[in-house]
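Here, each number is a calculation from the coordinates, and none is a lab measurement. Quick caveat: nothing in here was measured; it's all calculated off a predicted structure. As a convention, Cβ positions derive from the backbone with ideal geometry for all residues, glycine included, and neighbour counts pool all protein chains shown.
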Amino acid sequence: MTEHDITLSVNGTEHELTVEPRTLLVTALREDLGYTGANVGCETARCGACTVRVNGEAIKSCMRFAVQSDGAEIETVEGLAENGDLAPLQEQFQENHGLQCGFCTPGMLMTADTYLKDADDPSREEIREAIEGNLCRCTGYHNIVDAIEATLEQREASHE
Amino acid sequence: MYANDFEYYRAESVDEAVDLLGDHEGAELLAGSHGLLPRMRTGEEAPPALVDMNAVDGLSSIEHIDGDLSVGALVTHAELAESELVREHAPALADAAGEVGDIQVRNGGTIGGNLAHGDARTDHPAAVLALGGSLDVTGPDGDRSIDAADLFTGHFETAVGEQEVVTALRVPLEDDASSTYHKHRNPLSGYPLIGVGAWAQTDGETIERVRVAATGNLAHPKRLAAVEDALEGESLEADTITAAAEQATSLGDDEFRPDVQASPTYCRHLLSVYTERALRDVLGVDGE
Ligand SMILES: Cc1cc2nc3c(=O)[nH]c(=O)nc-3n(C[C@H](O)[C@@H](O)[C@@H](O)COP(=O)(O)OP(=O)(O)OC[C@H]3O[C@@H](n4cnc5c(N)ncnc54)[C@H](O)[C@@H]3O)c2cc1C
Ligand code: FES
Ligand code: FES
């Protein structure tokens, strides 16, 4: 099959790569470019472990082909920390025990981080709905919701 | 698991997409990939070529055109669910789109892909049938319109031709009408086991015009004619609605899709319950 040359901008860095049409975006990120943050869990767009942002929106990178994202701006969990300092959301996951094995965490963080950009004083129920596309087999979600709430509270406090 | 090998082409215009489909036997369009990719993984579909239509301009807007609400084929489920125009003029469609999977899936899939694919399990068909919508389609012989009532012919079978591109969904704008969509989620997949869309126009006392349609574990999405007949011209009362919803149970076993999780008897029951809920909602008649 004819291979294609594509460009992906990942966390602000442009990469040129050559892919088979059937290569998934998550495979290109992990295996061709070394961004192994996005995990592969179900490969059927159910678990959310592969969640990344494409042009500002959270999507499951196992459910699209890499060629489809030619020219797109992609953000992965590797881009959340700045100069080695964890982002507030990541710190709160640590503080609130929002992870155990950590397999779901990169996807969970990307979904939550995208949600937090527009979230305005959500209820716990609304936070649970916002992360319904991300499965966690360890925490029971309670501590993840705590971490997201704490990030919002911290953000509000710093605005006051 | 990997999908089958395929050749990849990118169309920059609708006409180029039509040409590419014509040049490559068995080629399929690629929009949000959320309908096609899962089936390519399992081998249920194995197109030798895909024509990516994401670079085609002008298919992503939601606007008023000639008395219709026009929704571009590449509008995503998330955009539909969040659009104020859709909420105002086609609430059933906003409801249905908001019920799809989760936010990542709603960001991925498109309305054109949903309706052209004809997956009978999905939410939008019941809303589009109830709203009396139609599809704008471009093919090798030019443009045509497909009425939603003629669109769904089977599970993964629609009236959209092999070389045709859906460019927009149209919903007629009508005064004093309202619509809604109610769904019983399959707890495992999130798809509707049964979903019911309802649209109605009343004068406050009489039900003047009404459309009711269902999706989910049916042979294909369809209007519920017996329910509509029991409502049209009748007075706006709880008893009328209960009696009409009972008509939904008249569907025969062969009008459902066999499912290990849900027998036709169970689906028939859900169908009448959700028809009643949708009707009470759209007609503004409280529960008992
Ligand atoms: C995990 C998951 C959960 C889901 N949950 C739900 C749910 O709860 N409810 C629900 O309703 N749906 C659900 N869906 C299905 C989803 O809504 C798809 O039906 C829809 O997104 C397909 O659109 P697409 O843009 O992804 O199409 P694609 O996969 O790109 O294409 C699908 C088919 O349509 C054709 N096509 C696409 N665009 C056009 C066009 N403009 N003109 C002509 N043909 C075209 C393609 O050639 C292909 O055959 C789910 C999907 C996934 C992966
Ligand atoms: S690996 Fe993509 S959603 Fe599970
Ligand atoms: S921490 Fe283990 S799956 Fe979430």
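Figure the gain on full extension for B:HIS64 and B:VAL260 (residue separation times 0.36 nm, minus the Cα-Cα span) and round it to one decimal in nm. Full extension from B:HIS64 to B:VAL260 adds 66.2 nm. Full extension of the chain segment joining B:TYR2 with B:ARG185 gains 63.0 nm, where the gain is 0.36 nm per residue of separation less the Cα-Cα distance. Rounded to the nearest 20 debye, the dipole magnitude of the protein assembly as shown is 1560 debye, with +1 charges on Lys and Arg beta carbons, -1 on Asp and Glu beta carbons, and the Cα centre as origin.
Annotation: amide H of A:ALA87 within the under-5 Å range of A:ALA81, A:GLU82, sequence separation 5 or more or interchain, hydrogens built in the peptide plane. Computed from backbone phi with θ = phi - 60° and the Karplus coefficients 6.51, -1.76 and 1.60, the 3J(HN,Hα) list for the stretch B:262-274 is 8, 6, x, 4, 5, 5, 4, 4, 4, 4, 6, 5, 6 Hz; x is used for glycine and proline. Rounded to the nearest 0.05, the FRET efficiency derived from the C-beta distance between B:GLU25 and B:THR153 at R0 = 25 Å is 0.70.
Mean per-residue shielding of peptide A:63-74 is 4, counting Cβ atoms of other chains within 10 Å of each Cβ.
Estimated from helices alone, the mean residue ellipticity of chain A at 222 nm is -9000 deg cm²/dmol (sum of -39500 (n - 2.57) over DSSP H runs with n ≥ 4, per residue). Per residue, the average separation of C-alpha pairs within less than 8 Å and at least 6 apart gives chain B a relative contact order of 15 percent. Between A:ARG124 and B:ASP176, the modelled labels are 4.8 nm apart [label points 7 Å from Cα along Cα→Cβ]. Taking amide H atoms as placed 1.01 Å from N in the peptide plane, the amide H of B:ALA219 lies under 5 Å from those of B:PHE256, B:ARG257, each 5 or more residues away in sequence or on another chain. Close amide H partners of B:THR153, meaning residues 5 or more places away or on another chain with modelled amide H under 5 Å apart, are B:THR158, B:ALA159.
Along the stretch A:117-122 the Karplus relation, 6.51 cos²θ - 1.76 cosθ + 1.60 evaluated at θ = phi - 60°, assigns HN-Hα couplings of 4, 10, 5, 10, 6, x Hz to successive residues, with x for each Gly and Pro.
Restriction of the GluC sites (Glu not before Pro) in the stretch B:195-268 to DSSP coil positions whose beta-carbon has at most 15 other beta-carbons within 10 angstrom yields B:GLU205, B:GLU232, B:GLU237.
Restricting the stretch B:1-103 to GluC sites (Glu not before Pro) that sit in a DSSP loop and have at most 13 other Cβ atoms within 10 Å of their own Cβ leaves B:GLU12, B:GLU25, B:GLU44.
Label separation (A:SER9 vs A:GLN154): 2.8 nm, computed from points 7 Å beyond Cα along the C-beta direction.
Here the Karplus relation 6.51 cos²θ - 1.76 cosθ + 1.60, evaluated at θ = phi - 60°, turns the backbone of the stretch B:54-65 into coupling constants of 5, 8, 6, 6, x, 10, 10, 9, 10, 8, 8, 9 Hz, with x for every Gly and Pro.
Remark: mean inter-chain Cβ contacts per residue of B:95-106 equal 5, using a 10 Å Cβ-Cβ cutoff to other protein chain atoms. Shape class of the protein assembly as shown from the alpha-carbon gyration tensor: oblate, with a/c at 1.5 or above and b/c at least as large as a/b.
Expressed to the nearest 5 percent, the antiparallel share of DSSP beta bridges inside the protein assembly as shown is 85 percent. When you count the other C-beta atoms within 10 angstrom of each residue and take the mean per peptide, B:91-97, A:95-101 line up highest first as B:91-97, A:95-101.
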